[in-house]
Amino acid sequence: MPLRLSHPRLAGLIAGTALLLGACAETPTPEAEQISSKPGATVQRIEPSAAQVQVAVPPAPAVTFAEWRTRFRLKALRAGIDAGLFDRALAGIEPDASVVRADGAQPEFTRPVWEYLDGAMSPVRVRKGQALLAEHAASLQAIERRYGVERETLVAIWGMESSFGQFQGEHSVIRSLATLAFEGRRPQWAEEQLLAALQILQSGDIGPNGLRGSWAGAMGQTQFIPTTYLSHAVDFDGDGRRDIWNSSADALASAAHYLQASGWHHGKPWGFQVALPDGFDYALADSEIRKTYAQWHALGVKGTPAGLAPNDTGYLLLPAGHRGPAFLVFGNFAAILKYNNSSSYALAVGLLGQRFGGGGQIGGSWPKDERPLGRSERIALQQGLAAKGYDPGPADGIIGANTRRAVRAFQQSLGLPADGYPTPALLQRLR
Ligand code: CA
């Protein structure tokens, strides 16, 4: 889904805020990543154990829903929405309490990246993807030729976002976004999306009953948020409508169009697993430190750089810290991050695409004895780092660049590998 609080950033929305919405299919977990930008919308996965989910209760809105609607109606009409269409689209709509709850959920539990990847690349999903690659070979070939995005990547995204169209979300997009605009955590974002949703209705691409999606407004087989739909959805099957809900050709081509616009390069790798030498300086594993493969190789990093140009630069990704597998990731990985700003998601898409052809296996082992920190532990980590004079940023439980930098500095002060990856043992050292 190109969404997430992050969504497709496309729009650049979210950017500064780090909220996580959750919505889609399977969202990655780990830490910070979480702000995605799906072209859709993102959202962070809400784990099922209700007991472990705190709900942030936003202040009650200062106006009634009817007052909000009257004010928003003026805005929509000024933006060119037809008054009759607006009134029909919002007729009888009341806020959806389940959407408010989902928006405020702050899950304590964080799923380990190895479990996330296992789920993303389940044998059932791999087999289904292989069958669909064969079934849709002709349209996938045409899409690949037009947009320059490999079909395996498109089918991997299709599987990740909606289980190949099977789970697209049953919420009324208009009702969900109206609810979020009225009393959600990001009302401005939701109003912008709601306006875009009304423009979609006005375009005639889909009717009001067909405009369905996740609670956060991620729509169709690609889980595009409305602004991403307006900017990147395409009619590929030629029936005159951009139908990402019912036409797999339209959905796959729309995802391809989005990736193309995000800088995808046909024939290049998203990245590959690498081996690191003994004594490697793990502080180099930072998304802001980019080098060519030759430069990494000179540092003892070894992989198989097929398809890269000599001047392509990439960074070292350690999804579970220095004890787990290491990957070098390049420009196409960054393009997948524009779809959904989570390294775990991008890794899953890259590897799943390879699994369809029998590759994508991960060598080595994960540190399964080391569970990821839960939300309250991440907050405690940030508070502990701040108390020791480091600068981890706000204690919001989101492990972003500032927190990673502070973790590295603390690790260095203890003489530990400075991978920036917080563990329960490290948190113990702070307490
Ligand atoms: Ca169409």
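The values are calculated or read from the model by the stated rules, or taken from the named source; none is laboratory data. Quantities reported herein were computed from a predicted structural model and do not represent experimental measurements. We place every Cβ from the backbone using ideal geometry, glycine too, and count neighbours over all the protein chains shown. These area figures cover heavy atoms from the full protein model, side chains too; ligands, DNA and RNA do not enter into them. Shrake-Rupley method; radii C 1.70, N 1.55, O 1.52, S 1.80 Å.
When only residues in segment 212-241 that are open to solvent by 30 Å² or more (accessible area, probe 1.4 Å) and small (Gly, Ala, Ser) count, which is farthest from the ligand (Cβ to nearest atom)?
Only one residue fits best here, namely SER231.
Can you tell which of GLU152, GLU183, GLU135 is open to solvent by 20 Å² or more (accessible area, probe 1.4 Å), more than 16 Å from the ligand (Cβ to nearest atom) and closer than 14 Å to LEU259 by Cβ?
Step by step, each of GLU152, GLU183, GLU135 is checked, and only GLU152 is open to solvent by 20 Å² or more (accessible area, probe 1.4 Å), more than 16 Å from the ligand (Cβ to nearest atom) and closer than 14 Å to LEU259 by Cβ.
Would you mind telling me which numbered condition in (1) out of contact with any strand residue (DSSP E or B) (no Cβ under 7 Å at 6 or more places or on another chain); (2) open to solvent by 40 Å² or more (accessible area, probe 1.4 Å) ALA196 fails?
(2)
Of the residues ALA249, ALA275, ALA261, ALA255, only one is surrounded by fewer than 22 Cβ atoms within 10 Å (Cβ to Cβ), of a type outside the set (Val, Ile, Thr) and within 16 Å of the ligand (Cβ to nearest atom); which?
After applying the criteria, what remains is ALA249.
Just to be sure I understand, how many residues within segment 221-261 are of a type in the set (D, E, K, R) and in contact with a strand residue (DSSP E or B) (Cβ under 6 Å, 6 or more places away or on another chain)?
0
Take ILE46 and tell me if it is assigned to a loop (DSSP other than H, G, I, E, B) and modelled with pLDDT under 50.
Here the answer is yes, as ILE46 does meet what is asked.
Being surrounded by 22 or more Cβ atoms within 10 Å (Cβ to Cβ) and outside the structural domain of ARG408 (by TED's automatic domain parsing) narrows it down to one of SER365, SER343, SER287, so name that one.
Just one listed residue meets the conditions, SER343.
Scan segment 195-211 and tell me whether some residue there is under 21 Å from GLU161 (Cα atoms), assigned to a helix (DSSP H, G or I) and within 12 Å of the ligand (Cβ to nearest atom).
No, there is no match, as no residue in segment 195-211 is under 21 Å from GLU161 (Cα atoms), assigned to a helix (DSSP H, G or I) and within 12 Å of the ligand (Cβ to nearest atom).
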